[in-house]
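A quick write-up on the structure given underneath.
Read-outs throughout are calculated quantities, based only on the coordinates presented, and are distinct from any laboratory measurement. These numbers were taken from a predicted model, which means no experiment stands behind them. Every residue, glycine among them, receives a Cβ derived from its backbone with ideal geometry; neighbour counts consider all protein chains shown.
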């Protein structure tokens with residue numbers, strides 16, 4: 001029996017670590033993060049008339065933390081905004097303002113570097129919108145740009 | 001019994017450990033259109049003949065015209081700013097004319113060119129090959145000639161900017 005228990009100790013964490021995390025709505029145990037929509041768009045605009053372009057939709061973030069520990073939400077861009085024809089816009093030109101503060105805070109994206117968007121002490125049920133903006137510029141090359149941003153909710 | 005408790009504890013540990021982080025991916029899309037605009041500091045320049053010798057170059061009475069070209073463009077696309085003229089300088093009272101070609105300009109600023117007006121072809125005042133804001137000045141001059149009748153002559157020119 002002791003031997004079986006020992007095997008369980010070794011195997012169970014190893015097997016579970018490969019458990020898939022649902023891409024749209026993650027909910028394992030005591031932590032939940034929902035982000036909608038999963039895509040936002042910045043339409044073209046005259047930089048003189050619109051120095052900052054608002055995204056077509058605010059991003060609704062719903063957080064549920066059932067731990068009684070500190071938690072934080074970070075946003076990480078996988079890289080710069082990249083265009084189909086080779087254009088590049090530094091992702092740091094994308095910033096957000098929250099509808100609820102705290103726990104959400106202002107911030108801007110940084111390539112491959114998680115940026116704090118919200119934090120608190122669990123347990124918590126939080127719902128708020130992040131309004132994303134793109135700093136407009138005459139220096140941008142005309143192109144169709146895109147990039148992926150990962151929202152990560154972590155209990156510390 | 002002891003074994004079941006231990007297994008439960010292991011599962012609990014694994015669940016707590018794994019559920020300490022959640023993530024979601026969001027896509028950001030942005031469209032930047034090809035766009036250009038031109039701004040002039042003034043829409044009026046004038047020249048005054050004051051007894052200069054024949055063929056004298058008379059500078060405009062006003063300060064140089066500041067030209068600002070703003071453009072977002074694709075790679076390998078050139079942006080051209082041009083002056084388009086459709087007629088000659090004309091005195092509306094007498095009907096006398098002076099060829100548009102009598103007016104020239106000197107340019108300063110990155111990408112700006114000096115030149116002369118032409119009824120035959122739009123004349124280039126500058127060209128650029130990438131997005132940005134370009135500012136320069138144009139100082140217009142009038143090539144006088146004693147054969148021109150005294151009068152007040154008027155000419156309307158159009159400044160355009162476009163990408164090719």
Go ahead and collect, in residue order, the members of the range B:70-114 whose backbone nitrogen is under 20 Å from a label point 7 Å along the Cα-Cβ direction of residue B:54.
B:97-103
Computed lengthening from residue A:60 to residue A:92, 0.36 nm per intervening residue step minus Cα-Cα distance:
9.4 nm
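Taking a cut-off of 22 Å, what percent of all Cα-Cα pairs in chain B are separated by more than that? It would help to have the intermediate numbers written out before the result.
Values: 7789 of 13366 pairs.
That fraction is 58 percent.
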Need one number: nm distance between label points at residue A:146 and residue B:93, each 7 Å from Cα along Cα→Cβ, rounded to one decimal.
6.8
Multiply the residue separation of residue B:162 and residue B:110 by 0.36 nm, subtract the distance between their alpha-carbon atoms, and state the gained length in nm to one decimal.
17.0 nm
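Give me the percent relative contact order of chain B, please, defined on Cα pairs under 8 angstrom at least 6 residues apart.
Working: 315 pairs, mean separation 47.6, N = 164.
That works out to 29 percent.
What is the average number of partner chain Cβ atoms found within 10 Å of a Cβ in B:30-42?
Values: counts 21, 12, 19, 8, 4, 7, 1, 4, 0, 1, 0, 0, 0.
Counting Cβ atoms of other protein chains within 10 Å of each residue's Cβ and averaging gives 6.
Determine, from the Cβ-Cβ distance of residue A:131 and residue A:72 and an R0 of 22 Å, the FRET efficiency 1/(1 + (r/R0)^6), rounded to the nearest 0.05. All intermediate terms of the calculation are to be shown ahead of the outcome.
On the way: r = 20 Å, r/R0 = 0.91.
The calculated FRET efficiency here is 0.65.
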Apply the Debye scattering formula to the range B:14-84, with a single equal point scatterer on each alpha-carbon and no solvent, then give log10 I(q)/I(0) at q = 0.16, 0.18, 0.23 Å⁻¹.
-0.84, -0.92, -1.10
I'd like the orientation of helix B:2-18 relative to chain B: the angle between its Cα long axis and the longest Cα principal axis, in ° from 0 to 90, rounded to 10.
0
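Using 0.36 nm per residue, how much length does the chain from residue B:78 to residue B:42 gain when fully extended, once their Cα-Cα distance is taken away? Show your work: numbers first, answer last.
On the way: separation 36, 0.36 × 36 = 12.96 nm, distance 2.56 nm.
Stretched out fully, the residue B:78 to residue B:42 stretch lengthens by 10.4 nm.
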